[in-house]
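Before any comments, here is the structure.
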């Protein structure tokens, strides 16, 4: 599975190239139409006809921008339908455990070389670490609990908009279309990330989530 997985930076770059190619396709079609104005247009088979600005037809297995767009359109419909079934078929503890395990695997694939702190960080060291990053990076303290809010994209390193899930798989979804069960993937991701940083087990609570109708996703991280 790992060999077929595209990392997030490559995923976003591919989408960017997809958009550029689709726009270029529209531009070429437009110029061709302008050059041919006033001249009879040869007949074309119905299946070859396409509207300017639309991706050309594609078929399964195509290594093309048009096929990538088609696959993403399919995923946008498949994912919320699948999680509706997951909610119907699995009890809540099982759903949470399953998604948290996937979130851990996602972090391990995203940052496979990030080391785990060799010695457990003390409460004082954790507080100092949070203070170094500050609220601009989404960190604050509430007693001994670390409060972490996603303010930026791991893919771009830039500020992210509100009301948008930062997971590329469901960034087109919202609280009306997507089950919040999906958010437990982020719980597993955040837990693995901070257990490596702090060198100790942590308990992660999902406090807020875009897919629950909030502006941003927020987590409460308490050292065990």
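Each value in this text was obtained by applying a stated rule to the coordinates, not by laboratory testing. The model shown is predicted, which means the values in this text are computed figures rather than measured ones. Heads up, the Cβs are rebuilt from the backbone with ideal geometry, glycines too, and the neighbour counts pull from every protein chain shown.
Here the calculated FRET efficiency for residue 88 and residue 171, from their Cβ-Cβ distance with R0 = 22 Å, stands at 0.35, rounded to the nearest 0.05.
Straightening the chain between residue 141 and residue 109 buys 8.7 nm, computed as 0.36 nm per residue apart minus the Cα-Cα spacing. A protection proxy built from the mean count of other Cβ atoms within 10 Å ranks the segments 149-158, 205-214, most packed first, as 205-214, 149-158. Taking packing as the residue-averaged number of other Cβ atoms within 10 angstrom, the listed peptides 193-203, 69-79 run from highest to lowest as 193-203, 69-79.
When the inverse distances between all different Cα atoms of the range 92-223 are averaged and flipped, the Kirkwood radius reads 15.2 angstrom.
Structural descriptor for the range 92-223: relative contact order 34 percent, calculated from alpha carbon pairs under 8 angstrom and at least 6 residues apart.
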